[in-house]
Amino acid sequence: MIDMPEASKTSGIKITLAVIPALLIVSICVALYLGANADQEEGEPPKGDVTVPEMSDYLLKLNNLIGEREIGTEGGRRAFRRLNAMTAGTLGFENLGYEIFRNQIDSVNGFLWSTIWIKAGDRESREPVVLAIPQASRGSGLAFGFGFAEYLTSHQTEVGVRIVFYPPLVEGDLEAWIWERCGEEGESMKGFVMVTGDPEPKRSPRFLVPASLEEKIEELSSSKIWNEDAKIETGDYGVLEVRMGDDSLFSREEHSQRLIRMMPVIKELVERLNE
């Protein structure tokens with residue numbers, strides 16, 4: 001038997017004492033990493049599920065952080081630029097995966113103004129239904145547009161849906177003005193819905209329905225997914241408009257829940273307009 005020199009024994013002990021804490025630290029880090037990832041995977045919603053915190057965040061940014069959108073002031077124009085950046089960032093490839101389309105044929109006071117849209121549902125459709133959302137309205141319509149775009153990534157529809165965010169520069173017929181900017185050669189618009197907040201202090205969503213579409217909306221209201229809070233007003237309206245309620249009457253969380261509950265209703269509306 002060969003005895004190990006005392007110095008070698010001491011060196012071996014020192015190395016062992018140095019390595020053990022290092023291995024312990026590495027083990028702890030790996031455990032923390034795996035645990036954090038497990039928690040994250042468990043807590044994240046499936047792709048395309050719209051959550052109340054997401055909608056609340058949209059409303060906070062649109063109504064309180066971006067600023068009031070006005071053409072006539074420098075601050076108002078900055079707010080439009082912030083909104084355009086938020087629209088592209090929220091819906092684009094790095095987030096929801098949509099291609100962002102822009103048209104800048106409108107010029108006022110030496111500035112070009114963007115109409116922005118995405119193609120959802122059947123993106124190859126040549127007969128899309130258009131959801132037109134004014135950029136200058138309160139946040140409800142815009143937030144709904146962002147959330148509805150996400151909703152359609154997991155709640156599939158065979159209908160072509162074009163979600164359009166437009167500046168306050170409309171002249172003449174709204175449908176024709178919007179289609180001139182987002183339509184393509186060889187296409188035709190199958191249906192048109194304007195989605196906004198509500199300038200009046202109304203708690204419930206409202207459908208302002210032209211007489212020509214009364215039958216389709218009545219069929220929709222008998223559907224199992226109809227939101228019982230929603231009201232129907234038929235009259236001499238130029239376009240079908242859905243007003244998503246006044247978000248100043250609720251907490252952001254409550255209003256977000258109402259917006260989410262309207263998403264299957266609007267999906268079915270779009271499908272009925274495509275018939």
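The values are calculated or read from the model by the stated rules, or taken from the named source; none is laboratory data. These numbers were taken from a predicted model, which means no experiment stands behind them. As a convention, Cβ positions derive from the backbone with ideal geometry for all residues, glycine included, and neighbour counts pool all protein chains shown. Calculation scope for accessible area: heavy atoms of the full protein, side chains included, ligands and nucleic acids excluded. Shrake-Rupley method; radii C 1.70, N 1.55, O 1.52, S 1.80 Å.
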Of 112-120, 178-186, ordering from highest average Cβ density within 10 Å down gives 112-120, 178-186
Segment 104-204 accessible area per residue, 1.4 Å probe, protein heavy atoms, integer Å², reads 40
Nearest-0.05 FRET efficiency for residue 187 and residue 74 at R0 = 45 Å, using Cβ-Cβ distance, is 0.75
Looks like segment 74-215, by Cα gyration tensor root eigenvalues a ≥ b ≥ c and the a/c under 1.5 rounded cutoff (else prolate when a/b is bigger than b/c, oblate otherwise), is rounded
Hits in segment 166-197: amide N under 18 Å from the 7 Å Cα→Cβ extension of residue 102, namely 166-169, 181-183
Per the rule of 0.36 nm per residue minus the C-alpha distance, extending residue 49 to residue 248 adds in nm 69.1 nm
At the level of C-alpha centres, the distance separating segment 55-89 and segment 182-204, in angstrom, is 20
One would report the Cα pair-distance distribution of segment 156-274, bin width 5 Å, in %, as 2, 10, 19, 22, 21, 15, 8, 2, 0
quick shape note, segment 150-193: Cα extents on principal axes in Å, largest first -> 36, 25, 15
If R0 = 30 Å, then residue 204 and residue 82, at their Cβ-Cβ distance, give a FRET efficiency to the nearest 0.05 of 0.50
Surrounding charge for residue 248, neighbours by C-beta under 15 angstrom, Lys/Arg +1, Asp/Glu -1, total -1
Nearest-0.05 FRET efficiency for residue 222 and residue 176 at R0 = 45 Å, using Cβ-Cβ distance, is 0.90
Ordering 245-255, 71-81 by per-residue average of other C-beta atoms within 10 angstrom, highest first, gives 245-255, 71-81
